[in-house]
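Only one structure is covered here, and it is reproduced in the block below.
The values are calculated or read from the model by the stated rules, or taken from the named source; none is laboratory data. What you see is a predicted model; the values in this text were computed from it and never measured. Positions of Cβ are backbone-derived with ideal geometry, glycine not excepted, and every protein chain shown enters the neighbour counts.
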Amino acid sequence: MGPHVPVAGPFLSPAVDLCAHKESDRLSPPGWLLPFESRRGLANGHLQTIAGNFFPRPAFQLAAVAETVEVDPSDGSRLLCHCHWQPQTRQSSLDRAQRPTVVLVHGLEGSSDSGYIRGVAVRAWEAGFNVIRMNIRNCGGTEALTPTLYHSGLSDDVGAVVRHFADRFGLQQVALVGYSMGGNLVLKLAGEWGGRQPLCAVAAVCPAVDLAPGADALHELANRPYEWRFLRGLLARYARKAALFPDIYAPLKSIGPVRSIRQFDDKIVARYWGFRDADDYYDRAAAAHVVERIAVPTLALQARDDPFIRLLPSTRAKLLANPHVSFVETGHGGHCAFLSRDRGEEIHWAEATVMRFLLAATSEDRNPGCEWTAQS
């Protein structure tokens, strides 16, 4: 890995069995995993996180087909997806069904137009994938499409999107990519589905798989600016929902003060989704309970200096013990940023790494039995 991302963990640490599947893999990381070195001046989790929201990407010019997908027939809840289907030409031997398709899932208060989603979409498209950018319930201006709120455990919604397009087009390989909350959703679905087809690969960047520690970390003094940014969006969205569905939601002013993510989840999410309280919601929505059941090639990528993602030792142990999971942890990178010193396509290192992983995972000669932990 070089000096910047020394590799340790279950496959390189002398304290743990390295790789029971392939002896040679002890000596070098997989080809899709390249070194990460923080961009000059950004070797700090907060700086990486903030810069990651503003660092420019090439103009997004992919033409999209918008389609709504019903995810809950009981109340008619629908999601808005933006689809990019590879052209079917005489020069290509692959039709739509045979090409790998990737479903991209954004994070808390993001949308299908979030920069990181667009960044991965372009890379996947250029690599020959069909691309589906999905909006979680209410996101991307879709509050009117569902009478419900959204929360971090709605993995069935992701599954409904996969089933919808797989059934419609006969898709043979569908991969999932999720960021932060979206990372929890895709890992949760992967654990629930196991090896169910057409799911073929999963990548999660800074996944919020342990929700309670993450919510509490957001309330730490150094992280209050992030918490307030999330809260402003969540409370504004709730106000819009209350205006659209006054018979369901109480006016925001009647909810009382909401000064933290935990309070929002306790007073609003738990109330309207039938959880006992915030802790009950965090427990039942966390992917941490099912990651040991993941049975397709999976990348879990995070940074040790992520300001507010907290991974419990028990969850880390489950990820490291699962032979299908590649757990990669860098010393720096912040939250979903990973801005590197490279002047080319590796500037957004996480997006490039995810794409290389997906190409390896969907190739016919992949080795699904090896996982890695990169730590610095």
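Among the residues of the stretch 265-304, the ones that are in a loop (DSSP other than H, G, I, E, B) and more than 18 Å from the chain's Cα centre (by Cα) come to 4 in all.
Taken together, the residues in the stretch 44-71 that are touching a residue at least 40 places away in the same chain (Cβ under 8 Å) and assigned to a strand (DSSP E or B) amount to 4.
Test V7 against the stated conditions and say whether it is at pLDDT below 85 and either more than 26 Å from the chain's Cα centre (by Cα) or of a type in the set (D, E) (or both). No; evaluated as a whole, the condition is false for this residue. Screening Q86 against (1) under 16 Å from the mean Cα position of the chain (by Cα); (2) in contact (Cβ under 8 Å) with a residue 40 or more places away in the chain leaves a single unmet condition, (1). Scanning the stretch 101-128 for residues that are buried (at least 24 other Cβ atoms within 10 Å of the Cβ) and either outside the structural domain of Q197 (by TED's automatic domain parsing) or in a loop (DSSP other than H, G, I, E, B) (or both) returns H106, G107, S112.
When the stretch 313-333 is filtered for residues that are of a type outside the set (A, V, I, L, M, F, W, C) and within 21 Å of A287 (Cβ to Cβ), the ones remaining, listed by number, are P313, S314, T315, R316, K318, N322, P323, H324, S326, E329, T330, G333. Of all residues in the stretch 129-170, exactly one satisfies the criterion of being in a strand (DSSP E or B) and either under 17 Å from V269 (Cα atoms) or free of Cβ contacts under 8 Å to residues at least 24 places away in the same chain (or both), namely N138. All conditions in (1) touching a residue at least 24 places away in the same chain (Cβ under 8 Å); (2) over 30 Å from T148 (Cα atoms) hold for P313, with the sole exception of (1).
Could you count how many residues in the stretch 325-354 are under 12 Å from Q302 (Cβ atoms) and aliphatic (A, V, I, L, M)? Final tally of qualifying residues: 3. Exactly one residue out of I268, I248 is exposed (fewer than 14 other Cβ atoms within 10 Å of the Cβ) and touching a residue at least 24 places away in the same chain (Cβ under 8 Å): that is I248.
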